[in-house]
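Worksheet: one structure, shown below.
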Amino acid sequence: MKIQTLTKEEQRLISFLPAGAERPRSQSELAALLYGNASNENKRKVRKLVNQSILDGAPVGSLHRSYNAGYFLITNEDERLAALQTLRTQSSSLIKRADKLRRTALWTN
């Protein structure tokens with residue numbers, strides 16, 4: 001897939017991402033670099049910006065390990081597979097929550 005033209009904000013995000021998964025940059029660190037601080041609102045902006053960058057074709061991966069979590073630029077197939085596994089785990093969890101919510105009784109007083 002060819003990378004579409006990235007916005008200035010997406011290009012700025014990419015400039016802060018390390019090439020490779022060895023030392024991914026945390027969401028908090030990216031929020032501080034991009035927006036001045038790591039508030040919850042700015043971390044949400046980072047997630048949204050990462051999502052849009054991926055949809056525009058940028059090879060941005062993420063890892064959610066307790067010892068080494070964050071975002072990075074995917075440089076090889078092993079990193080791509082690790083990033084895909086993270087997404088599969090997240091999507092599976094969301095589907096389980098949605099299924100449970102569909103079957104849950106409504107709140108009554």
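Please treat every number below as a calculation from the coordinates, not as lab data. Please read all numbers here as calculations on a predicted model, not as lab measurements. Every residue, glycine as well, gets a Cβ built from its backbone with ideal geometry; the counts of neighbours run over all protein chains shown.
A simple packing score, the average count of other Cβ atoms within 10 Å per residue, orders the peptides 20-31, 94-105, 5-16 as 20-31, 5-16, 94-105, with the highest score first.
Think of the range 52-96 as having a plus end and a minus end, set by charges on the Cβ of Lys, Arg, Asp and Glu; of T89, Q52, L73, T89 sits farthest toward the positive end of this dipole. I need the P(r) histogram for the chain: all alpha carbon pairs, bin width 5 Å from 0 out to the longest distance, whole percents. Final binned percentages: 2, 12, 18, 22, 18, 11, 7, 5, 3, 2, 0. Near the amide H of L17, within less than 5 Å, lie no amide hydrogens of residues on another chain or at least 5 residues away, with H placed in the peptide plane. What lysines does K8 reach when the alpha-carbon gap must be under 16 Å and sequence neighbours fewer than 8 apart in one chain are set aside? Partners within reach: K45, K48. Phi-derived couplings, Karplus 6.51 cos²θ - 1.76 cosθ + 1.60 at θ = phi - 60°, listed residue by residue for the range 15-29: 5, 8, 8, x, 7, x, 8, 4, 9, x, 9, 5, 4, 5, 5 Hz, with x used for Gly and Pro.
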